[in-house]
Amino acid sequence: MTSLTPAASYNTLARALASNIPAADRLSGGDGSGPDDPNIFDQPDDAERFGGFSRDEVLARGRTRTAFSDDQVQRTLTRLRKSGALELLAEWHTADNPRTGQGGQPIKIPHAAVLVGLLLMAQENAPLFMRELAYLFQKRLTPESRTLLGLPEKLSNYVTLTSERVKWEKNTNNAFHRIMDLMDPYPVKRYAALTYTQVKIVLDQHDSDRELRMKARLSAFTNAFLQMTFNEQPRRIRRATQKMDVSFDQTFIPPPTKKGFSKKTLDQRVAAEATGHVDRLTPGPTDLYAGWYPRKGDRDDFVRGTIDTTCPGSGKKRNRDLDWGWMLNLAVRVDSEQPGSQRFPQIAVAANLSMPNIGVSEEAIELMRQALN
């Protein structure tokens, strides 16, 4: 018999109770009252339905989410402003949109609110999902914090709970992509798998000059937060050593979808689709701009601009364990004078993203420049 911890037992029971609630009751008080009824969470039959659990605990399905305090939101917003990231976004928006727009609906969720929300979720070590961020905006902020971040009280004039939730999710997703559009080196739709013919068209139309410009923006945005984190430390920790020693490392990051493709055989796949040599078109990759990373064995270091043809089953290296994804390049502060000591925390002082096997040496040099800044 499997042993469960008290927390696991509680979560299991909460999920079991939640699964037994009729769908209609989940959006109403169970007695015909609407979702906006102030008595929805205080129905007389709650004790009979949920026992010693509260309705909120059961509907949370084992993951109770509490509201953030005003002080916590204020501190996070202050750190965001110290990073200078908002100024970077404003500068890039002006550069990309030199002309004033023709109007339209005003933005309901500003950049600051999105970034503060993501930082709050990161403090909880929670996944940074847009649906969770939308729920945070809708349910986990006090009226004072919502006003501080420039968020509206409601997005819908309707009374149904579903329409309000959907509007928050859509507006949150749009607000996040407005930020990403300012620094995404590889703008491509990532919500549908493409055929290999479509993959080739996207790759052929890729703007390499824009890629370099956006990659530089992405690195500047990332390192603005790392520099803020370093400067927020007490002076005695920042000045613990007369010089800064850093250690460089690459960490593999898998994409949400792990299906990759080989640039070496892409033309053959396109030809097969065009001539009808395949019985039925199969879904191809979703994350096109990634690469094959050797988990073990020798690793390549091609010059930037080189087409990496590394793929499973290629040549003498066919036995290598390869994964499809990206590389996170890190520079971490270390103590070479007193190894093993705890004079200061080993935090990242510079970071950037890159493709596997491409420009490894150049990325290390770029990290050093960023760390010196």
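The values are calculated or read from the model by the stated rules, or taken from the named source; none is laboratory data. On a predicted model such as this, the values are computed, not experimentally measured, just so you know. Cβ sites come from the backbone with ideal geometry, for glycine too, and all protein chains shown count toward neighbours. These accessible areas exclude ligands, DNA and RNA; they are computed on the full protein's heavy atoms, side chains included. Shrake-Rupley method; radii C 1.70, N 1.55, O 1.52, S 1.80 Å.
Report Arg81's accessible area, 1.4 Å probe, all protein chains in place, as a number in Å² to the nearest 10.
Accessible area, nearest 10 Å²: 130 Å².
Rounded, prolate or oblate: pick one for the range 152-237, where a ≥ b ≥ c are the square roots of the eigenvalues of its C-alpha gyration tensor, a/c under 1.5 means rounded, and failing that, prolate if a/b is larger than b/c, else oblate. Don't jump to the answer; show the numbers that get you there.
Values: a/c = 3.19, a/b = 1.03, b/c = 3.11.
Oblate shape, in that a/c is at least 1.5 and b/c is the bigger or equal ratio.
Given a Förster distance of 25 angstrom, what is the FRET efficiency for Asp181 paired with Arg81, based on the Cβ-Cβ distance and rounded to 0.05? Intermediate values should be presented prior to the final figure.
Details: r = 22 Å, r/R0 = 0.88.
Plugging the Cβ-Cβ distance into 1/(1 + (r/R0)^6) gives 0.70.
Among Leu141, Leu226, what's the order by accessible area (1.4 angstrom probe), most exposed first? Spell out each step's value before the answer.
Details: Leu141 10, Leu226 35 Å².
Largest accessible area first, the list is Leu226, Leu141.
On the full set of protein chains, 1.4 Å probe, figure out the accessible area of Val166 and give it in Å² to the nearest 10.
50
Express in Å², to the nearest 10, the accessible area of Lys258 obtained by rolling a 1.4 Å probe over the protein heavy atoms while all chains stay in place.
Here the accessible area works out near 150 Å².
Ser262's amide H: which non-local residues (gap 5+, or another chain) put their own amide H closer than 5 Å, with H modeled 1.01 Å from N in plane and none for Pro or chain starts?
none
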